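Colleague: Quick one: the structure is below, questions incoming.
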Amino acid sequence: MDLSQPVETRVNRLDRAALWGGILFSTVFVALIWWAGPRLEVIELLPDQGASWYYWKLPEPTAVSRATAWGFYFAHQLSFWGLIYYAQKHLKRYSPGLHRVNVVALAMNAFFIALHFVQTHLWYDGLAQDVSVWSSQVSVIIMLVWILLMENSRRGLFFGKKAPISKEITRFAREYHGYYFAWATVYTFWFHPMVSTPGHLFGFIYMFFLFLQGSLFFTRVHVNKWWTLTLEMVVLLHGTFVAVQQGNNLWPMFFFGFGAMFIVTQMHGLGLSRNVRAAFIIGYAALAIYVYSGRGLQNIHQVTWIPFIEYLAVGVMALLFGGGLWLVNRLRNETSTEPPGLT
């Protein structure tokens, strides 16, 4: 079967139907995780040991719990990468319909979502048993930075102004982003068991949305600016929500930090009028001053922490990509050059 052929390219936008169907599936499945959550409360976990400790893992992992977590992760990862590779080799244009490979990708991700649910309730553990808790968080942060770099040519980086990043670097970021995004999402997904804490539920629906986006490659909805903005903004909601749940009093840093990313960068790719953008800026500033006036205006510098880290990371990523491309081109030129003395 040729997976590159479109399922439907006539009047109906099947990519939009798949998007809304995927959002519905994600919502229903998160409700299932919440409903089944009490079954896992009988598992006794070790006491929390601080910020570098991941609480939701078995005190004594078994060979089966490790084998299923890692085995299913690798199967999911390789399947996703394989479909992305196939799509890049066989699909040449974006379509308002669905290609057959999109249907396969949607079904594949739905299968592994269901498999992880079963695996959690039978063996509980995820990848967190064997890797650092920071690895999952950093993988998603790098993905967000990658998006900023990749979208620089469309919406700019600072109030609509483009950062001086070469077209070659941007081309590389766009061509290979799918492989990294697939790794970051699949790794983070299998890092956590499907427990039903509010933070996990919020995180899982975000992962499901990212799987949905990753499955709709080479469709028009994959590059829809409102949908992609939604995926970026979910981080604001998730980060703020988790900070509130943890009670560490840092929720404004996440809310206004990621909010600043919207004000400085993200809203400038939406085609909004100057007046609308000005209203967002004024509203953001007024709300930040109001919140921090009750917490000490001397702490308002917290709103700059997340933007500073992300914009700095964009520069570092651009340098790494640029250096890697330069090195590859140089090696190619050296290997293609004939040795001296030969004709």
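Colleague: Being without any contact (Cβ under 8 Å) to a residue 24 or more places away in the chain, part of a helix (DSSP H, G or I) and within 21 Å of Ala18 (Cα to Cα) is the requirement here; does Phe111 meet it?
Modeller: On the way: without any contact (Cβ under 8 Å) to a residue 24 or more places away in the chain: yes; part of a helix (DSSP H, G or I): yes; within 21 Å of Ala18 (Cα to Cα): yes.
For Phe111, the condition - without any contact (Cβ under 8 Å) to a residue 24 or more places away in the chain, part of a helix (DSSP H, G or I) and within 21 Å of Ala18 (Cα to Cα) - is met.
Colleague: While we're looking at this one, here's another question. Please verify whether Thr120 is of a type in the set (Val, Ile, Thr) and buried (at least 20 other Cβ atoms within 10 Å of the Cβ), treating the condition exactly as stated. If you could, list the steps in order and put the result at the bottom.
Modeller: Values: of a type in the set (Val, Ile, Thr): yes; buried (at least 20 other Cβ atoms within 10 Å of the Cβ): yes.
In short, yes.
Colleague: Leu91 passes all but one of (1) touching a residue at least 60 places away in the same chain (Cβ under 8 Å); (2) within 22 Å of the chain's Cα centre (by Cα); (3) crowded, with 18+ Cβ neighbours inside 10 Å; which number fails?
Modeller: (2)
Colleague: Here is a further query. Return the residues of segment 275-321 that are of a type in the set (Ser, Thr, Tyr) and over 26 Å from Val145 (Cα atoms); say none if nothing qualifies. Even if it seems obvious, please write down each step before you answer.
Modeller: Going residue by residue through segment 275-321, those that are of a type in the set (Ser, Thr, Tyr) are 284, 290, 292-293, 304, 311.
Once the filter is applied, which keeps residues that are of a type in the set (Ser, Thr, Tyr) and over 26 Å from Val145 (Cα atoms), segment 275-321 yields Tyr290, Tyr292, Ser293.
Colleague: Are there any pairs with C-beta distances below 9 angstrom linking a residue in segment 136-148 that is without any contact (Cβ under 8 Å) to a residue 12 or more places away in the chain to a residue that is open to solvent by less than 30 Å² (accessible area, probe 1.4 Å), with the two at least 6 apart or on different chains, and if so which?
Modeller: Partner pairs satisfying both residue conditions: Gln137/Thr188.
Colleague: Moving on. Which is of a type outside the set (S, T, N, Q) and at pLDDT 95 or above, of Phe189, Phe202?
Modeller: Numbers: Phe202 fails: at pLDDT 95 or above.
Residue meeting the stated conditions: Phe189.
Colleague: Of the conditions (1) modelled with pLDDT of 90 or more; (2) within 26 Å of the chain's Cα centre (by Cα); (3) open to solvent by 30 Å² or more (accessible area, probe 1.4 Å), Ile43 clears all except one; give me its number.
Modeller: With (1) modelled with pLDDT of 90 or more; (2) within 26 Å of the chain's Cα centre (by Cα); (3) open to solvent by 30 Å² or more (accessible area, probe 1.4 Å) applied to Ile43, the lone miss is (2).
Colleague: Pull out all pairs, ordered by first then second residue, where Cβ-Cβ is under 7 Å, the residues are six or more apart or on different chains, the first lies in segment 286-299 and is in contact (Cβ under 8 Å) with a residue 12 or more places away in the chain, and the second is among the β-branched types (Val, Ile, Thr) and open to solvent by less than 30 Å² (accessible area, probe 1.4 Å).
Modeller: Going by the 7 Å Cβ cut-off, the qualifying pairs are Ala288/Val303.
Colleague: Regarding segment 154-167, can at least one residue be identified that is over 24 Å from Ala318 (Cα atoms) and touching a residue at least 60 places away in the same chain (Cβ under 8 Å)?
Modeller: First pass over segment 154-167, keeping only residues over 24 Å from Ala318 (Cα atoms): none.
No: zero hits.
Colleague: Quick check, is His99 in contact (Cβ under 8 Å) with a residue 60 or more places away in the chain, buried (at least 18 other Cβ atoms within 10 Å of the Cβ) and more than 19 Å from the chain's Cα centre (by Cα)?
Modeller: Working: in contact (Cβ under 8 Å) with a residue 60 or more places away in the chain: yes; buried (at least 18 other Cβ atoms within 10 Å of the Cβ): yes; more than 19 Å from the chain's Cα centre (by Cα): yes.
Taking the combined requirement at face value, the residue satisfies it.
The values are calculated or read from the model by the stated rules, or taken from the named source; none is laboratory data. Just so it is clear, the structure is predicted and the values come from calculations on it, not from any experiment. Virtual Cβ from ideal backbone geometry, glycine too; neighbours counted across all protein chains shown. The accessibility values were calculated without ligands, DNA or RNA, using every heavy atom of the protein model including side chains. Shrake-Rupley method; radii C 1.70, N 1.55, O 1.52, S 1.80 Å.
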